[in-house]
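The values are calculated or read from the model by the stated rules, or taken from the named source; none is laboratory data. Remember, it's a predicted structure, so these values are computed and weren't measured experimentally. Glycine also receives a Cβ, built like all others from the backbone with ideal geometry; neighbour counts cover every protein chain displayed.
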Amino acid sequence: MKTRISIAGMMDVLEATGCALIGQTEEIAPADRRLYALRDVTGTIESLPLICSSIMCKKIAEGVGALVLDVKAGRGAFLRDVDEARALAQVMVDTGARAGVTTEALITNMDVPLGRAVGNALELIECLDVLNGGGPPDLVELCEILAARM
């Protein structure tokens, strides 16, 4: 699975499938990689405002009218502490509101793995299984909860 493609390549995939999952490139969100590198060398990786800006700038730039965020907390999450996750969620909701995007955030548990798959390709296959009515119960439940909020 390629996540680093050109804008033209992304448009081809989007046209063919109706969906495109991509990572940042020099054409798409070029500042994001530089800002992350800067956060790394300045010891600010865990800065909630910088995490928020990294996530929300891309979402807002997509032109969405509403956004539901799944903010993870627990042993398997970037933010292990629920209070930190709650603080990040609030900053992102506030940022969305200031940008005119109706935003809601749910704090979900990552103390145990979600679903059964490990690795991007296998997790994508598992997501497709959920979209087709299958999938592991814990992942199905979370997807239903998030979808109900949209």
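Quick one: Ile45 ticks every box in (1) closer than 25 Å to Gly119 by Cα; (2) of a type in the set (Val, Ile, Thr); (3) buried (at least 16 other Cβ atoms within 10 Å of the Cβ); (4) in contact with a helix residue (DSSP H, G or I) (Cβ under 6 Å, 6 or more places away or on another chain) except a single one, so which number is it?
(3)
Those residues that are assigned to a helix (DSSP H, G or I) and closer than 20 Å to Leu124 by Cβ, I need them from the range 12-42; list them, please. Show your work before the answer.
The first filter runs over the range 12-42 and keeps only residues assigned to a helix (DSSP H, G or I), leaving 12-17, 30-42.
Across the range 12-42, the qualifying residues are Asp12, Val13, Leu14, Glu15, Ala16, Thr17.
If the requirement is being of a type in the set (S, T, N, Q), closer than 25 Å to Pro136 by Cβ and either touching a strand residue (DSSP E or B) at 6+ places or on another chain (Cβ under 7 Å) or at pLDDT below 85 (or both), which of these qualifies: Thr25, Thr3? Let's see the steps before the verdict.
Working: Thr25 fails: closer than 25 Å to Pro136 by Cβ.
Unique residue meeting the criteria: Thr3.
Looking at the range 47-75, which of the residues that are at pLDDT below 85 and of a type in the set (D, E, K, R) is nearest to Val91 (Cα to Cα)?
Filtering the range 47-75 for residues at pLDDT below 85 gives 58, 61-63.
Imposing the further condition that a residue be of a type in the set (D, E, K, R) reduces the set to 58, 62.
Working: Lys58: 15, Glu62: 19 Å.
Checking each candidate, the answer is Lys58.
In the range 92-135, what residues are farther than 23 Å from Asp81 by Cα and buried (at least 16 other Cβ atoms within 10 Å of the Cβ)?
Those that are farther than 23 Å from Asp81 by Cα and buried (at least 16 other Cβ atoms within 10 Å of the Cβ): Val101, Ala117, Glu126, Cys127, Asp129, Val130, Gly135.
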